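So the structure is just underneath, and the comments pick up after that.
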Amino acid sequence: MGTDLLPKYIRENYEVREWKHACAILRNDFPDEWKDLVDLLTNFRLCKSWIVNPGGRKSKVSHFIDTFLYERGWTEKQFRTAVHVDDSVVESPTHQVDCFKNKVALEIEWNNKDPFFDRDLNNFRLLFDLRAVSVGIIITRCDSLQEIFKSLGRGASYGASTTHMSKLLPRIEGGGGAGCPVLVFGIKSSLYDESC
């Protein structure tokens, strides 16, 4: 079961990993969000122009994903959390989630420094413990894309210390998400499109 619930196209074009039955929970308890995710991943292509023309503050990959989901009712979300002990209140704001809808949190880590994965997983853990998030999703890139970046003269911009699957998986397998069900997708080179 597990990732077999995803369409074959997604399993073939993304490196997919899940923890704590994330696919089953998402598909059965959050069918609208599951459909949004499947549609997003099916429609996504990694355009050559997005790699050779840097995006500035936000990458074109992140912009595509954000826009696709925002048009379906997802939002960027900052949670206001605090710790209360008797009359003492300590504010404990969380990191802003890239895309959020109905207790499903999605983060896009295309080309950040790899400690951003720690931040995302810690955020998922905290928000899951507070019953604000039921499933955390991370979309990043597969290591194999580095060959494409090098062929386009952009290899140095996507270095070994930036976000990609081999930096993410040990963090999750080491318990970084704690009890939160987590689903991750690594964009494979099969999604690379030279025509756009």
Problem set entry | Single condition PRO31 does not satisfy, out of (1) in contact (Cβ under 8 Å) with a residue 12 or more places away in the chain; (2) closer than 24 Å to GLY73 by Cα | (1)
Exercise. Could you say which residue among ASP114, ASP120 is surrounded by 13 or more Cβ atoms within 10 Å (Cβ to Cβ), of a type in the set (D, E, K, R), at pLDDT below 90 and closer than 23 Å to LEU191 by Cβ?
Worked result: ASP114
For this session: Select, from HIS21, HIS63, the only residue that is without any contact (Cβ under 8 Å) to a residue 60 or more places away in the chain, of a type outside the set (A, V, I, L, M, F, W, C) and surrounded by fewer than 17 Cβ atoms within 10 Å (Cβ to Cβ).
Result: HIS63
Exercise. Over 24 Å from ARG131 (Cβ atoms), touching an Asp or Glu at 6+ places or on another chain (Cβ under 6 Å), surrounded by 18 or more Cβ atoms within 10 Å (Cβ to Cβ) and not polar (S, T, N, Q) - does that describe any residue in the stretch 26-41?
Worked result: no
For this session: Could you check, for the stretch 134-143, whether at least one of its residues is of a type in the set (D, E, K, R) and in contact with a strand residue (DSSP E or B) (Cβ under 6 Å, 6 or more places away or on another chain)?
Result: yes
Problem set entry | Pick from the stretch 44-63, criterion assigned to a helix (DSSP H, G or I) and either modelled with pLDDT of 95 or more or of a type in the set (Gly, Ala, Ser) (or both), ranking: farthest from ASN102 (Cα to Cα) | SER49
For this session: Please find, within the stretch 151-172, the residue that is surrounded by the most Cβ atoms within 10 Å (Cβ to Cβ) out of those that are charged (D, E, K, R) and at pLDDT below 90.
Result: LYS167
Exercise. Take the residues of the stretch 77-101 that are out of contact with any strand residue (DSSP E or B) (no Cβ under 6 Å at 6 or more places or on another chain) and charged (D, E, K, R): which is nearest to GLY186 (Cα to Cα)?
Worked result: LYS101
For this session: Could you list all residues from the stretch 1-14 that are buried (at least 18 other Cβ atoms within 10 Å of the Cβ) and not in a helix (DSSP H, G or I)?
Result: LEU6, TYR14
Exercise. Is it true that VAL85 is over 14 Å from VAL104 (Cα atoms) and surrounded by 13 or more Cβ atoms within 10 Å (Cβ to Cβ)?
Worked result: no
Exercise. Name the residues in the stretch 15-43 that are aromatic (Phe, Trp, Tyr), closer than 23 Å to ARG141 by Cβ and not in a helix (DSSP H, G or I), would you?
Worked result: TRP19
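The values are calculated or read from the model by the stated rules, or taken from the named source; none is laboratory data. Everything quoted here is computed from the prediction, not taken from an experiment. Note: ideal-geometry Cβ built from the backbone for every residue, glycine included; neighbour counts use all protein chains shown.
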